[in-house]
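Asks: What follows is a single structure, and I will ask about it in a moment.
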Amino acid sequence: MGMRAQGSKVSSTGAVLVSDNVLRPGEDQLLDRLDVFDGDTGIALATTAGVALRAAPCALVRVRCLTGGTITSIHDNASAASGTQIMASTTMVAGQVIEVGELMANGLYAVVASGTFRVVAPLLAS
């Protein structure tokens, strides 16, 4: 079992204890926002033949489905659906969240067949 810092909190929804520098005014240190991670507010993603979401190294934290649909693929690539495939064809329902937790060394490229999604992928410090 992992050690938790004295006084740290985890809610029943899996909220994360975060440092003060990423909080908005009035927010509690126990962060419950699904679309924010380390200050990144997420990227809107809708039906597209393919789109570069990040052209630099980033961390793919999570994908949240806003309206049901299918993500055809997500790749560790800045400009094309090639290279290392991180997520294969995945059908999701509204409200579903997939925690990914992958470092994307080359960028983030996604292809969506249907639906709308929110992708949280903060850029990595250089």
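Asks: Tell me the label-point distance for the pair ALA94, THR67, using the 7 Å Cα-to-Cβ offset, in nm and rounded to one decimal.
Replies: 0.9 nm
Asks: Short version: ³J(HN,Hα) in whole Hz for each residue of the range 110-122, in order, from phi by Karplus 6.51 cos²θ - 1.76 cosθ + 1.60 (θ = phi - 60°), x for Gly and Pro, what are they?
Replies: Working through the residues one at a time gives 10, 10, 10, 7, 7, x, 10, 9, 10, 10, 9, 8, x Hz.
No value in this document is a laboratory result; all are computed from the given coordinates. Quantities reported herein were computed from a predicted structural model and do not represent experimental measurements. Cβ: placed from backbone, ideal geometry, glycine included. Neighbour counts: every protein chain shown.
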